[in-house]
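Reading through the structure tokens given below for one structure.
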Amino acid sequence: MDDQTPEEPQESERTQVSPDAQESSEILASAEPQEPVADPAPEPTEQAAEPLAAQSAEEPAAAPAAEAPQEFGAILAQFEQSTATEKKNDPQVGGKVSGTVISIGEDTTLVDIGTKSEAVIPTADLRDKEGKVTVEVGAKLEATVAGRDPETNALLLKRKISKNAAQAEAAAEIRRAFETQMTLEGRITGLNKGGLEVDVAGVRCFCPISQIENRFVEDASGYVGQTLTFRVLRFEEPTGSNRRPNIVLSRRSLLQEEADVRAAEVRATLSIGTVIIGHVTSLTTYGAFVDLGGVEGLLHVSEIGHSRLARPEDALAVGQEVEVQIIRIERAADDKRGERISLSRKALERDPWRDAPGRFPERSIVHGKVVRLETFGAFVELEPGLDGLLHISEIGNSSGRRLQHAREALSVGQELSVRVLGVDTARHRISLGLGDGSEDHHDDDLPEPPRAAPAGTFGSLGDFFKGRR
């Protein structure tokens, strides 16, 4: 049988491609990377088309087309997340930032503040009085976010108001500082009723005396001539005949913010038992307040020392440096006041009661000083922090008369010799008597007191007549 060459299929018999399939192929072709175009292969015959169709049914031809939208969706989600992170990391207007100088231009300086948004600062803010730039590339600087450039979307930074600006322009910059809570520098030129006059780039401002410090200031004359940093507390536009804006400044809020930061750092290191050095800030009748570095604690009068004190002034003074131990930290009822910290200096001192029985044995004669007088006796200081009670009966026996108060026989500050009758370390008590010990006796040597008649009886008739004699 002769080999016959298969006839080429007619045009109508070739595989027909639907318009939808053709469009999908074009989209898929555009999504896949382009490869160099090779010479076109001969079109498959009708017999060869059947294996290809079977192979196409087995392989998922639409898989690349399905993967393409997934990859695009992941990229889009990643982009949106990156954009959200960028906006979140950007500081708010009025916030303080620190960064590194990248480049210095004639008008603006580019600063890297650690965010994806660029930050620029006027170069004029970085010049000194002679017009020289005070920073160089790579230097660190701190500034305040004043806004955002609407064209470049870059963060605008400011360090100070230009001193060369006209008064109207300077007032406008002060108003922007008020709106953004940006800090500014001003020179105190004088005092007036209730506050200080401050010059800010040629604009006259006012700072109440209560806003110059975060504490009471009685005399503010020492601030005249100083250049300090302020925040605009109030800005009122000129009205009527008043051609100047009413500008009120505050330094107290800045100092308070700095103190709050330091207090938070110190508070994180404090715990019960911590020993710390502080300074006495004020004295009251019940103790002393001690600054621990931005946080204040109370040193109660009973915790100043083992010695009994009538007033804290007897042992402490304002400004004195003291070493104290934290004995209690309590949460205040008002959250704004933070914790109440109780301090003790007595806890760091040697307890004189620990070895008192060995140093003051019974029947020993010691010398002391009267420190307090009561109706029931006198307290005698044997050494700092160690007082003994000389009972009024002991004082009366020595004077030979009955006393109503210890001051009838003794006076505060009087020195005398006393005899130790007993030491109770658990109750922190020492019983004292007068005399050199030659009259000392035991309870067994005392005469037996008269026996009282039983309750509900009149006693014997003889007892009655004895009482009449």
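Database remark: amide H of T108 closer than 5 angstrom to the amide H of T123 (H placed geometrically; neighbours at sequence offset of 5 or more, or on other chains; Pro and chain starts carry no H). With only the Cα atoms considered, the stretch 181-243 has a convex hull volume of 101 Å³ per residue. When you count the other C-beta atoms within 10 angstrom of each residue and take the mean per peptide, 199-211, 359-371 line up highest first as 199-211, 359-371. Across the stretch 360-432, the mean sequence separation of Cα contacts (distance under 8 Å, 6 or more residues apart), normalised by length, yields a relative contact order of 39 percent.
Near L343: Cβ cut-off under 15 Å, other residues only, Lys/Arg at +1 and Asp/Glu at -1. The net charge is -3.
Remark: spin-label model distance L348-D199 equals 4.8 nm, labels positioned 7 Å along the Cα→Cβ axis.
Taking 0.36 nm per residue of separation and subtracting the current Cα-Cα distance, fully stretching the chain between L298 and S210 would add 29.2 nm. Express in % the proportion of alpha carbon pairs of the stretch 132-224 at distances exceeding 20 Å. When every Cα pair of the stretch 132-224 is considered, 51 percent fall beyond 20 Å. Within the stretch 278-354, the GluC sites (Glu not before Pro) that combine a DSSP coil assignment with at most 16 other C-beta atoms in a 10 angstrom radius are E349. If you plug the beta carbon distance of R340 and S393 into 1/(1 + (r/R0)^6) with R0 = 56 Å, you get a FRET efficiency near 0.80. In a DSSP loop and with at most 16 other Cβ atoms within 10 Å, the GluC sites (Glu not before Pro) in the stretch 100-199 are E106, E118, E130, E136, E151. In plain terms, the chain from V318 to L191 could stretch by 42.9 nm, reckoned as 0.36 nm per residue minus the Cα-Cα distance.
Computed over the Cα atoms of the stretch 356-445, the ratio of the radius of gyration to the Kirkwood radius (Rg/Rh) comes to 0.94. Applying a DSSP loop filter and a limit of 14 other Cβ atoms within 10 Å to the trypsin sites (Lys or Arg not before Pro) in the stretch 216-272 leaves R243. Extension gain, D355 to D112, is 80.9 nm, computed as 0.36 nm per intervening residue step minus the present C-alpha separation.
Considering only DSSP beta bridges where both residues belong to the stretch 271-359, give the percentage that are antiparallel (nearest 5).
That works out to approximately 90 percent antiparallel.
Each Lys or Arg adds one and each Asp or Glu subtracts one; over the other residues with Cβ under 14 Å from the Cβ of H306, this totals -3.
None of the figures in this text is laboratory data; all of them are computed from the coordinates on show. Just so it is clear, the model here is predicted, and its values are computed rather than measured. Glycine gets a Cβ as well: all are built from the backbone with ideal geometry, and neighbour counts include every protein chain shown.
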